[in-house]
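Just so you know, all these numbers are worked out from the coordinates, no wet-lab data involved. In this text the structure is predicted, and so the values were computed from the model without any measurement. Neighbour counts run over all protein chains shown; Cβ positions are idealised from the backbone, glycine included.
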Amino acid sequence: MTKRKQPDGLYERLIDIGLKDRFIRGVVGIVVIAAAASIVISTLGSGTKAVITLALCLSFGVVLVILRALMHYADSPFVKFVCFAFSGVIMFVLLVFALLLIPAAVICWPQPYAELISLPNCPAQQAEVRPFTPVPFKGAGISFNPDNGKYLVRVFYRAARKEDAENVVGALLTAGYKSDGVASSLDEVVTTNRNPDTTLLKTTTQARPTLEDVVKIVKIAVPVKAASVSLFPEDSPLRSGDIQVLLF
């Protein structure tokens, strides 16, 4: 009987193992399932993410075949164990990815997974926005002055400084000013200093006499960032308010 010629090169060995090994045939099946899942994602959700998913699935399949080849030919028990462990982790990830697609597409569960693959029938959960709530100032250094009521001080703030804005508005109200807070990107503000935690003040000519008092109140309300408070040198014909406090 003629003996079957043994493959010599690594490529021939991989092909030979792939044709006979049940493990690798199972890997191929898992990759096919994952590839089908990526096509479903492309239909239901994001095409870009489907391409990325397919590429990852194919890459994992190649890695699994290589690991199986190492397990087959390696003499070291440690190397075999490491290859087996990595193979198990990769197969588990692929199976979970494929199996979770069904409940994600049908009932949007689990929600983070459905959002990750951008399924259109599963709208992202909107974080509950806390309403803007001025915090009354209860410390020393600010006293109520009824004459301040003729000035409107508007506080425009970036999202990261909402808490600072609430403290500033609360302090201004405590001092008798009319004041409110408005969330803004502040992209329309023309200034060279747009560093985080910077506070800039603009004033009209009419409100110039009280600007120094407003600056003092702002520094008291947010003492940690008092050093970053600065003024625009020129008066401005503001479209909103008599004084504007800009919290970057």
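Things worth noting here:
- Thr210, Thr133 arranged by Cβ crowding within 10 Å, fewest neighbours leading: Thr133, Thr210
- Contour minus Cα-Cα distance for Ser143 and Val89 (0.36 nm per residue): 12.9 nm
- Its alpha carbons considered, region 146-247 gives a radius of gyration followed by a Dmax of 12.2, 36 Å.
- For peptides 237-247, 81-91, 152-162, 190-200, sequence by mean Cβ density within 10 Å, most packed first: 152-162, 237-247, 81-91, 190-200
- Amide H to amide H distances under 5 Å link Ser179 with Val153, where only residues 5 or more positions off or on other chains count and H is placed in the peptide plane.
- Among beta bridges that DSSP assigns inside region 146-247, antiparallel share in %, nearest 5: 25 percent
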